[in-house]
Amino acid sequence: MSAAYCRHAPGHPLHGPYHDGEYGFPARDDAVLFERLVLEINQAGLSWQTILAKRAAFAEAFAGFDIDRVARFGAGDHRRLMGDARIIRNRVKIDAAIDNAKRLLAMRDSHGSFAAWLDGHHPRSKSGWVSLFKKTFRFTGGEIVGEFLMSLGYLPGAHQAWCPVYQKILALDPPWRRGKPSSAPKRRTIEAEIRS
């Protein structure tokens, strides 16, 4: 999103609530994180307003973003999703949502949760995140990854400093405030020296 979002979103029936209560706010619940990933993937090539207008339909179609249930979606579910005019009926995006749910199940085994996986890889530059997401998930290009991480407070920039929401987010200590990507390699080097 751009600086214009903070000027134009407040008061809008769809953008207003998202801007004021979700965009840039840290989240820990894996269903919330999975929803945001699915929505960002589906936004590719479309407007965010279109996605927000279809958000309730996406939640219904994707079992409330229950990762376990979506990971078990089979051919029948795929046909149902492709036939659901209330959502984005793009085969590649639907395949990505289902496959990414399966990858999140594996991540739960290795890291405990999607949130723990994100925390374990933070801090990172945007390009570092994009590279990691491309290796880990399907259909996750630079814009999708950047907006996903910004929307959850892992990258700065969701709100302008003059926006009233900015202060609310600062009070929540978003991840982007807890470390600078440029300091991550140095910290790892020091840890390696301590171990040796």
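The values are calculated or read from the model by the stated rules, or taken from the named source; none is laboratory data. Please read all numbers here as calculations on a predicted model, not as lab measurements. Here the Cβ is made from the backbone with ideal geometry for all residues, glycine too, and neighbour counts use every protein chain on show.
Tell me yes or no: at least one residue of the stretch 121-132 is in a helix (DSSP H, G or I), of a type in the set (D, E, K, R) and farther than 30 Å from residue 8 by Cα.
Narrowing the stretch 121-132 to residues in a helix (DSSP H, G or I): 121, 126-132.
Still in the running and of a type in the set (D, E, K, R): 126.
Now narrow it down to the ones that are farther than 30 Å from residue 8 by Cα: none.
No, the stretch 121-132 has no match at all.
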Kindly indicate which of 13, 17 is surrounded by fewer than 18 Cβ atoms within 10 Å (Cβ to Cβ), more than 21 Å from residue 171 (Cα to Cα) and at pLDDT 95 or above. 13
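Right, residue 27: in a helix (DSSP H, G or I) and of a type in the set (Gly, Ala, Ser) or not?
Numbers: in a helix (DSSP H, G or I): no; of a type in the set (Gly, Ala, Ser): yes.
Here the answer is no, as residue 27 does not meet what is asked.
Can you pull out every residue in the stretch 104-157 that is basic (Lys, Arg) and either under 15 Å from residue 37 (Cα atoms) or free of Cβ contacts under 8 Å to residues at least 60 places away in the same chain (or both)? Talk me through it step by step, then tell me what you get.
Taking the stretch 104-157 first, the residues basic (Lys, Arg) are 108, 124, 126, 134-135, 138.
If the condition is that a residue be basic (Lys, Arg) and either under 15 Å from residue 37 (Cα atoms) or free of Cβ contacts under 8 Å to residues at least 60 places away in the same chain (or both), then 126, 134, 135, 138 are the ones that fit.
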If you check 142, 112, 146, which single one turns out to be surrounded by fewer than 16 Cβ atoms within 10 Å (Cβ to Cβ), within 30 Å of residue 81 (Cα to Cα), modelled with pLDDT of 95 or more and in contact with a helix residue (DSSP H, G or I) (Cβ under 8 Å, 6 or more places away or on another chain)? 142
Residue identified as surrounded by 19 or more Cβ atoms within 10 Å (Cβ to Cβ) and touching a residue at least 12 places away in the same chain (Cβ under 8 Å) among 59, 3, 97: 97
